[in-house]
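Enquirer: Pasting a structure below so you can have a look.
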Amino acid sequence: MKPSVPSQPLVQERRSLRALVGRFDLRAYTMILALVVIWVFFALLNDAFLTPRNLSNLFLQMSVTAILAIGMVFVIVAGHIDLSVGSIVGLTGGVAAILQVWYGWPTLPVVVVTILLGIVIGLVHGWWVAYQAVPAFIVTLGGMMAYRGILMGITKGQTVAPLEDSFKAIGQTYVPATVGWMAAAAIVVLLYVAAFRRRAARQRYGFAVPSLAADMAKTTAIAALVLLFVFLMNQYKGIPVPIVLVLALAVLFTFLARRTTFGRHVYAIGGNVEAARLSGIPIRRRILTVFVLSGMLASLAGIVLTARVNAATIGAGTMYELDAIAACVIGGTSLMGGSGTILGAVLGALVMASLDNGMSIMNLETFWQYIVKGTILVLAVWVDMYSRRRQKA
Amino acid sequence: MTATAETTNAAVRGKERGASAPLRPWPRRTAVRGTEAREAMHAYALEMRNITKTFPGVKALDHVNLKVRKGEIHALCGENGAGKSTLMKVLSGFYPAGSYEGEIVIHGEVRRFQGIKDAERAGIAIIHQELALVQGMSVAENLFLGSEPARYGIIDEPRLYAEARRWLDLVGLSDVSPNTPVAQLGIGQQQLVEIAKALAKRADILILDEPTAALTESEVERLLRLLEDLRAKGVTCIYISHKLNEVFRLADTITVLRDGKTVGTYPAAELDENRVIALMVGRELTERFPRVARHPGDVVLSVRHFSVYDPHNPRKRVIDNVSFTVRKGEIVGIAGLMGAGRTELVSSLFGAFPGRTEGEVVVEGTRVRIASPRDAIAAGLALVPEDRKQLGLVLGMDVKANISMANLQRLSRYGVINENEEIRAAETSVRELRIKAASLETPVGALSGGNQQKVVLGKWLLAKPKVLLLDEPTRGIDVGAKYELYTLMNELVRHGVAIVMVSSELPEILGMSDRILVMREGRIVATFNREDATQENIMLAATGGVGA
C-alpha cells in the first residue's frame, strides 16, 4: 500500500485567519476614525477649529514631532528607544544658529553641517548600542543630558537670533498656490501611472490582480485626498514648507520600511533577533544605521524648529523625545519591537497636535492640556492592547 | 461518543481486574477499584463531559469526553492541533467556565472554574512544556511562589526552606539544596522542581504536557520513575506526549483525540504503537520512513580536526577534534544523548555558536572561514535550528517575509525588494513544500508546528544550499507532517543536496540516514553504515558502553 500523506483540517484555521486579517485593517481605520472624532468634537465646540487657517497652523505645529516620530519608528521597531532626540533638536538648532548668527555662514553650508552633526551623533549612539551592547535607553539617556549640557555651554545660556531670511524660509514660508496645484497634478498623474504599472507587473508575473474598478477606486480616493489637502491649504497661504518636508520624509521612509531589504531587516530584528541573525542579517550594521537615521532626522527637526521660531534657545526641543515616542505608540508602534508604521506615527503626531491646538483654541489652561494628553496616550495603548487580546481569545 | 467511551472503560475495568491487577503491587488502587461498582461516580478523579470549545470560526473541541480514574496515569494522544492543549486549558481554568460548553466533574462534583487559581484549589496542576520557574530565584522561593508561608505579609523563611526540603525529597531531589538558584539546575531537575511545586499546592491531579521533550535519557528515566512512584501514592496523572514508548511504559489508559473529537479511550494493554498512530491519524501508516535508493556523489563538506571551545569556560572543549565528511546526495545522521555536543557542532559549523573554533571546514574543495551565519550562507550552508520559534522564525511576520528572509539580496536590486519576485519565490516554496496557510500574508505564528517547520525549510531551500544542516527537524511535529518532511528530505537529496541531520529519535536516525555518526562528550565515538546500525549499538556507543 502506498503511504498517503495525511491532509490536515486547515479550512477552519483559514477562516479564523481571515477574521484576524480583517481586524488588522480595522486598527488602521480606527486611527483615522479617532482623528475625525477629535476634529468633529473641536469643530462643534469652536468655529475657528476647522478653518483653513487653523488647519494650516495645526499641520505646522505637528511638523517637528512628526519628523522625530518618523525616525523613532525605526528605532522602536528595531526593539530600541532614542531618548536623546529632543536634546539633539536643541543642540543642532543651536549649532545652526551659532554658525549663521555668530559666524555669518550662508544657509546651505549651515544646513549641511547641521545634518552631518546629526549623523555623527547617530553614529556614536549606534556604535555604543550595536557594538558595545550598552542598552539604548542608557546611551540615549546619557546623550539627552550631555547634548543639553553642550548646548548650554556653547550658547553660554543666550538666545541666538535672528537668522537670515533664507534660513527662516525652511520653517516659515508657504508653497505658492499655483506651484501647489502643479505638484498635486503631478502627484495624481504619478499615482495613476504607478497603479497601472503595478498591475502590469503583477500580470506579467501571472498573478491575480484586483479588479480594475477596485484599483481605480482606491487610487482615485488617494488622489482626491491629495487634491483636497492642497485645496484646503491654498485657501489660506498654501502648503507650509515644513509640511512638504514631513510628507516627503513620510513617503521616503515608508518606502524604506516596506520595500527595501534594510527595512525588512529592521522589522525582522525587532521581531526576533536570533532568527534574524541565523538568516544572515547583519544585526549590528542595521542597528547602527537606524540610530544614524534617527539622529539625522532629529537634526532636520532642529533646523525646522530654529527656522520656525527664528531663534535658538537652550530650552528648545525639551521633552520632544516623549512627544515623538507618544506619537509612535498612539500610531500603533509596539514598544516590544517588530511592528509599527510610519503613517501611523505621522497620524499619531497629528492626533497630539490636534489635541494641543484644539485645547488652545478653547483657551483651556495648560495644566488641563497635559492631563488630557497623558490620559489619551494611556487610553490609546489600552485600546490597542484590548483589541489584540480580543484577537487572541 | 459517550456510549463508546463508557463501554471501553467497562472493558478496561473488566480486563484489569481479571488479568493484570494481581500483578500490580499497589493495594490502594485495587481497593479503589473494588469499591467501584458501588461508587461508580467517585471512581473517577475527573470527568470531562461533552466539552465543546469554539474559537471564532473554529470548533477546537467537539463534544470531547475524558474520564480519568483515581490514581491512574492516563495518556492523552493526538496529532498537533487535535485539541489536547485546548482540552487541558479548559480543565486547568485557563479558559473560564462559560467560555466552553459541557461540564467538568472533579471527584464526583460538578465544578465551574473561573480561573487557574480555582482549578488549583480543586487540586489540578498543569506543568507546561515551557517551564514556568523564575530563573533568578531559589528553588524554595519558586516552590512557594504565590503561596509563601507568611505572617502579616512577612515571609517565614525557616518554614519556607524546611517545607521546600520536604517536597524536594519527595520528588527525588534530595541532592538539591532549597537555596540553589533555579538557573543552576539542569532542565531535568527544573522539571522535577515544577512537579514538586504542583504537589506543594496539594494537587492530586497532575497534567504533564510533553514533559520529556527537553530531557536527557537519564532524566527521562528519573521522571518516569517518579511518576510511577506518585501513582503508587494515589496521585492521578494526565500525561501528554508524542513519545509513544513513554506512553506505553507509563499509561494505564489511553485516550486518543483527533480533530477536536474523542476517538476513544482504551486500556494501554490493548494497544501498541502502530495502533495508536493509526488512531491518531485515522489510518494505518504502513511505512513511517519513506526509503529510496540513493547514490551519493562527491564529497561536499569535509570537516577536519574541528574543535569548539565553551564560551563561558575557554579551556573546555564542547566539540573535541571532530572529523567527518558528507557527500553529495546523502543524509548523515548524528545521534547522541542530550549534551553530547550535537547542536553545538551544527551551530558552530554555521557560525552561530559563540565559542572559539579550531580546525578546517572545506566546502567543495575550498577551505572556508565561517565566523557568522552570513559567511556560512555564502559558503553554501543552511541551518534549520532546533527551536524554530526562538531561532527559526519571526512569528509576527508573514509567510512570505519569513521565506524570503535569508534571500533578500537575490530578490532585490539596489536594496529595493522586487515584490513580485518575492511573491513568486514564496509561492513556489508554499507549493513545493505543501505549506498550508490561508495566504502568503498570514503571520507564521498562526500556522501549525509542521507548517512552521516547512516555512523554515522553505527559507533555506530558497537559498539553494549545498549542505543542509537539520537540528531535530521533526521535534514537536505530528506524525503526518513528519512523513511529509521525510519525503521532502528525500527529494532534496535526489537533487544533490547533502543533509546532516541531528536527531534524538533513533527510529528517525535509522530510518533516514545513509551513515550515522554517534557523538558523546563532544567527540564522534562511532560511525555506522545504515546496514550495520541498530538502536542497540547506537545507544551503546552514545552511552559509552562497550563495543563502540
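Enquirer: Return one quarter of the surface area of the convex hull spanned by the alpha-carbon atoms of region A:177-237, equal to its mean projected area, in nm². Walk me through the numbers before you get to the answer.
Expert: Working: hull surface 16.2 nm².
It is 4.1 nm².
Enquirer: If the convex hull of the alpha-carbon atoms of region A:271-393 is projected onto planes in all directions, what is the mean projected area in square nanometres?
Expert: Working: hull surface 41.5 nm².
With every direction weighted equally, the projected area is 10.4 nm².
Enquirer: Oh, and also: Does anyone have the angle between helix A:177-204 and the longest principal axis of chain A? Alpha-carbon axes, 0 to 90°, nearest 10?
Expert: Compared with the principal axis, the helix lies near 20 degrees.
Enquirer: Using the 2.2 N^0.38 Å rule of thumb for compact globular proteins, work out how region A:251-311 stacks up: its C-alpha Rg over that value, please. List each step's numbers first, then the result.
Expert: Details: Rg = 15.1 Å, N = 61, 2.2 N^0.38 = 10.5 Å.
Taking the Cα Rg and dividing by 2.2 N^0.38 Å, one obtains 1.44.
Enquirer: Same structure again: Of the options B:Gln453, B:Tyr161, B:Leu61, report the single residue whose Cα projects farthest towards the positive end of the charge dipole of chain B (beta-carbon charges: Lys, Arg +1; Asp, Glu -1).
Expert: B:Leu61
Enquirer: Okay, moving on. Rounded to the nearest 500 deg cm²/dmol, what is the calculated helix-only ellipticity per residue at 222 nm for chain A, with -39500 (n - 2.57) per DSSP H run of length n ≥ 4? Write out the running numbers ahead of the final one.
Expert: On the way: 15 runs with 295 residues, N = 393.
After summing the helix terms and dividing by residue count, I get -26000 deg cm²/dmol.
Enquirer: So, one more: Quick one: grab the alpha carbon gyration tensor of region B:425-548, order the square roots of its eigenvalues as a ≥ b ≥ c, and give me rounded if a/c is under 1.5, else prolate or oblate depending on whether a/b is larger than b/c.
Expert: Numbers: a/c = 2.66, a/b = 2.11, b/c = 1.26.
Note, shape of region B:425-548 comes out prolate.
Enquirer: Here's another thing I want to ask about it. What distance in nm separates the simple spin-label points at B:Arg413 and A:Ser166, each placed 7 Å from Cα in the Cβ direction?
Expert: In this crude spin-label approximation the distance works out to 3.9 nm.
Enquirer: Express in nm, to one decimal, how much length is gained between B:Asp387 and B:Ile116 on full extension, taking 0.36 nm for each residue of separation and deducting their alpha carbon distance. Before the final figure, lay out the partial values.
Expert: Values: separation 271, 0.36 × 271 = 97.56 nm, distance 2.79 nm.
Value of the extension gain: 94.8 nm.
Enquirer: If you take every DSSP beta bridge fully contained in the protein assembly as shown, what fraction is antiparallel? Give it as a percent rounded to 5. Show your work: numbers first, answer last.
Expert: Details: 55 of 90 bridges.
In the protein assembly as shown, DSSP labels about 60 percent of beta bridges as antiparallel.
Enquirer: If I take R0 = 30 Å and measure r between the Cβ atoms of B:Asn274 and B:Phe94 in this structure, what FRET efficiency does the formula 1/(1 + (r/R0)^6) give, to the nearest 0.05? List each step's numbers first, then the result.
Expert: On the way: r = 33 Å, r/R0 = 1.11.
With a Förster radius of 30 Å, E is 0.35.
Enquirer: Sort B:Lys89, B:Lys459, B:Lys454 by Cβ crowding within 10 Å, fewest neighbours at the top.
Expert: Working: B:Lys89 20, B:Lys459 25, B:Lys454 28.
Placing the least packed residue first, the sequence is B:Lys89, B:Lys459, B:Lys454.
Enquirer: Further question on the same structure: Using alpha carbons only, how many angstrom separate the centre of region B:75-95 from the centre of region B:270-336?
Expert: 31
Enquirer: Shape call for region B:204-312 from the C-alpha gyration tensor, a ≥ b ≥ c root eigenvalues: rounded (a/c under 1.5), prolate (a/b greater than b/c) or oblate? The partial results should precede the final answer.
Expert: Values: a/c = 3.08, a/b = 1.40, b/c = 2.20.
Cα axes put region B:204-312 in the oblate bin.
Enquirer: Quote the charge dipole size of region A:177-237 about the Cα centre in Debye, to the nearest 20; the model charges only the Cβ of Lys and Arg (+1) and of Asp and Glu (-1). Don't skip to the answer; put the middle values down first.
Expert: Values: 7 positive and 1 negative charges, 47 e Å.
Roughly 220 debye, rounded to the nearest 20.
Enquirer: I would also like to ask the following. Place a label point 7 angstrom from the Cα of B:Thr325 along the Cα-to-Cβ direction, then list the residues of region B:512-532 whose backbone nitrogen is under 15 Å away.
Expert: What the label zone holds, given the 15 Å backbone N cut-off, is B:515.
Enquirer: Taking only complete DSSP H runs, can you tell me which helices of chain B stretch 27 Å or more along their own long axis by Cα positions and average at least 0.0 on the Kyte-Doolittle scale?
Expert: On the way: long enough: none.
Once both thresholds are applied, nothing remains.
Enquirer: Calculate the radius of gyration of the Cα atoms of the protein assembly as shown to one decimal place, then report Dmax, the largest Cα-Cα distance, as a whole number, both in Å.
Expert: For the protein assembly as shown, the Cα-based Rg and Dmax read 32.3, 105 Å.
Enquirer: For a footprinting-style exposure proxy, rank A:Ser56, B:Ser429, B:Ser307 by other Cβ within 10 Å, fewest first.
Expert: Values: A:Ser56 21, B:Ser429 24, B:Ser307 18.
Ascending number of Cβ neighbours within 10 Å: B:Ser307, A:Ser56, B:Ser429.
Enquirer: Sort B:Arg121, A:Arg197, B:Arg388 so that the residue with the fewest other Cβ atoms within 10 Å of its own Cβ comes first and the one with the most comes last. Working shown, then result.
Expert: On the way: B:Arg121 14, A:Arg197 10, B:Arg388 24.
Final ranking by Cβ density, sparse to dense: A:Arg197, B:Arg121, B:Arg388.
Enquirer: Please report, for the Cα atoms of chain B, the Rg to one decimal and the Dmax as a whole number; what are they, in angstrom?
Expert: 25.2, 80
Enquirer: Using a 10 Å cut-off on Cβ to Cβ distances, tally the other chain neighbours for every residue of B:386-397 and report the average as a whole number.
Expert: Details: counts 0, 2, 1, 2, 3, 6, 5, 5, 13, 4, 10, 9.
For this peptide, the per-residue mean of nearby foreign Cβ atoms is 5.
Enquirer: I would also like to ask the following. Please give, to one decimal in nm, the separation of the simple spin-label points placed at A:Val134 and B:Phe289, each 7 Å out from Cα toward the Cβ.
Expert: 5.5
Enquirer: Can you tell me the order of A:70-77, A:314-321, B:347-354 when each peptide is scored by its average per-residue count of other Cβ atoms within 10 angstrom, highest first? Walk me through the numbers before you get to the answer.
Expert: Working: A:70-77: 29.9, A:314-321: 20.1, B:347-354: 21.6.
Averaged packing, sorted descending, gives the order A:70-77, B:347-354, A:314-321.
Enquirer: A further question on this structure: Considering only DSSP beta bridges where both residues belong to region B:432-548, give the percentage that are antiparallel (nearest 5). Working shown, then result.
Expert: Working: 6 of 11 bridges.
Counting DSSP beta bridges with both partners in region B:432-548, the antiparallel share is about 55 percent.
Enquirer: For the pair B:Glu360 and B:Ser439, what calculated FRET efficiency results from E = 1/(1 + (r/R0)^6), where r is the Cβ-Cβ distance and R0 = 60 Å, to the nearest 0.05?
Expert: Values: r = 45 Å, r/R0 = 0.76.
After rounding to 0.05, the efficiency reads 0.85.
Enquirer: Let me ask you something else. Work out, step by step, the length gained on full extension between A:Asn310 and A:Ala43: first 0.36 nm times the residue separation, then minus their alpha carbon distance; give nm to one decimal. Each step should come with its number before you reach the end.
Expert: Numbers: separation 267, 0.36 × 267 = 96.12 nm, distance 3.08 nm.
Answer, rounded to one decimal: 93.0 nm.
Enquirer: Between 0 and 90 degrees, rounded to the nearest ten: what's the tilt of helix A:241-259 against the longest Cα principal axis of chain A?
Expert: Tilt of helix A:241-259: around 30 degrees.
Enquirer: State which entries of B:Lys67/B:Lys261; B:Lys53/B:Lys389; B:Lys117/B:Lys233; B:Lys117/B:Lys201 exceed 18 angstrom in Cα-Cα distance in the structure shown.
Expert: Numbers: B:Lys67/B:Lys261 14 Å; B:Lys53/B:Lys389 26 Å; B:Lys117/B:Lys233 24 Å; B:Lys117/B:Lys201 11 Å.
Among B:Lys67/B:Lys261; B:Lys53/B:Lys389; B:Lys117/B:Lys233; B:Lys117/B:Lys201, the Cα-Cα distance tops 18 Å for B:Lys53/B:Lys389; B:Lys117/B:Lys233.
Enquirer: Okay, moving on. Could you tell me the calculated FRET efficiency between B:Ala183 and A:Val251, based on Cβ-Cβ distance and R0 = 51 angstrom, to the nearest 0.05?
Expert: Working: r = 48 Å, r/R0 = 0.95.
So, using R0 = 51 Å, E works out to roughly 0.60.
Enquirer: Nearest 10 degrees, 0 to 90: what angle lies between the long axis of helix A:136-155 and the longest principal axis of chain A (Cα atoms)?
Expert: For A:136-155 against chain A, the angle is about 20 degrees.
Enquirer: Using alpha carbon coordinates only, what is the Rg to Rh ratio of chain A, with Rh defined as the Kirkwood radius? Intermediate results must be reported in sequence, preceding the final value.
Expert: On the way: Rg = 22.8 Å, Rh = 22.7 Å.
We get a ratio of 1.00 for chain A.
Enquirer: Once label points are set 7 Å from the Cα along Cα→Cβ at both B:Glu221 and A:Arg204, what is their separation, rounded to one decimal in nm?
Expert: 6.6
Enquirer: Per residue of chain B, what 222 nm ellipticity follows from adding -39500 (n - 2.57) for every DSSP H run with n ≥ 4, rounded to the nearest 500? Intermediate results must be reported in sequence, preceding the final value.
Expert: Numbers: 19 runs with 185 residues, N = 548.
Value at 222 nm, helices only: -10000 deg cm²/dmol.
No value in this document is a laboratory result; all are computed from the given coordinates. Values in this document were obtained by computation on a predicted structure and should not be read as measured data. Glycine also receives a Cβ, built like all others from the backbone with ideal geometry; neighbour counts cover every protein chain displayed.
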